[in-house]
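*Asks:* The structure that follows is given in the form of structure tokens.
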Amino acid sequence: MSSTLPPSRPKRPEFRNINALTDLPSYRLPVAGIVSILHRVSGALMFLLMPFIIWMFDTSISSEISFAKFSSAFNVGLGFVPGWFMKLIALALIWAFLHHLIAGLRHLWMDMRHAVSKEFGKSSAIFTLTVSVGLTLVLGAKLFGLY
């Protein structure tokens with residue numbers, strides 16, 4: 001009587017801890033994960049720049065003189081801050097708002113329709129990135145006076 005042993009399977013790798021220096025550079029995050037992280041980043045950016053947003057709103061609607069001051073801040077600058085830097089901050093806010101809005105609508109759509117498949121997650125994440133970056137480029141071109 002000879003007993004045949006079942007063929008042994010190769011041992012699967014076991015990941016207990018992630019080393020930030022060796023594992024993270026080679027880790028490929030899916031597109032939906034990138035959109036999720038950018039959704040959080042855009043929300044944090046809007047929260048941190050809230051004083052700038054309030055200043056822009058206040059100076060743009062207070063009076064004609066304050067609106068002229070507001071407009072010159074983007075052309076000439078404001079104190080030691082050059083005008084192009086003010087435009088870059090405004091462009092970052094434009095991106096943050098558009099990305100946060102579109103990613104939030106994506107999450108609402110997925111919650112309402114129970115669309116929790118891998119394919120829909122990838123396609124909607126690509127759509128979110130494409131539309132938010134595209135609209136940011138269009139509005140950034142308008143902000144920097146290209147048209």
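*Asks:* Starting from the 7 Å offset along Cα-to-Cβ, what nm value, one decimal, do you get for the label separation of L143 and R16?
*Replies:* The two pseudo-label positions are separated by 4.8 nm.
*Asks:* A further question on this structure: Could you rank the peptides 76-82, 7-13, 98-104 by their average count of other C-beta atoms within 10 Å per residue, with the highest value first?
*Replies:* 98-104, 76-82, 7-13
*Asks:* Starting from 0.36 nm per residue, how many nanometres of slack lie between F47 and S8 once their C-alpha separation is accounted for?
*Replies:* Answer, rounded to one decimal: 8.5 nm.
*Asks:* Still on this structure: Kindly provide the helix-only [θ] at 222 nm of the chain, computed as the sum of -39,500 (n - 2.57) over DSSP H runs of four or more divided by all residues, to the nearest 500 deg cm²/dmol?
*Replies:* It comes out at -23000 deg cm²/dmol, rounded to the nearest 500.
*Asks:* Based on the mean of other beta carbon atoms within 10 Å per residue, what is the order of 111-119, 65-73, most packed first? Kindly include the intermediate steps, with their values, before the conclusion.
*Replies:* On the way: 111-119: 9.3, 65-73: 13.6.
The packing order, highest mean first, is 65-73, 111-119.
*Asks:* Taking the alpha-carbon distance from K69 and a cut-off under 29 Å, which lysines remain once sequence neighbours fewer than 8 residues away in the same chain are dropped?
*Replies:* Hits, sequence-local ones excluded: K87, K142.
*Asks:* Report, ordered by chain and residue number, the lysines lying within cross-link reach of K122, taken as a straight Cα distance under 16 Å and ignoring same-chain residues fewer than 8 apart.
*Replies:* Qualifying lysines at Cα under 16 Å: none.
*Asks:* Let me check against my output: what whole-number percent is the relative contact order of the chain, with C-alpha pairs under 8 Å and at least 6 apart?
*Replies:* Here the relative contact order equals 27 percent.
Where a number appears in this text, it was derived from the coordinates with a stated rule and is not lab data. Because the structure is predicted, anything quoted here is derived from the model rather than measured. Glycine gets a Cβ as well: all are built from the backbone with ideal geometry, and neighbour counts include every protein chain shown.
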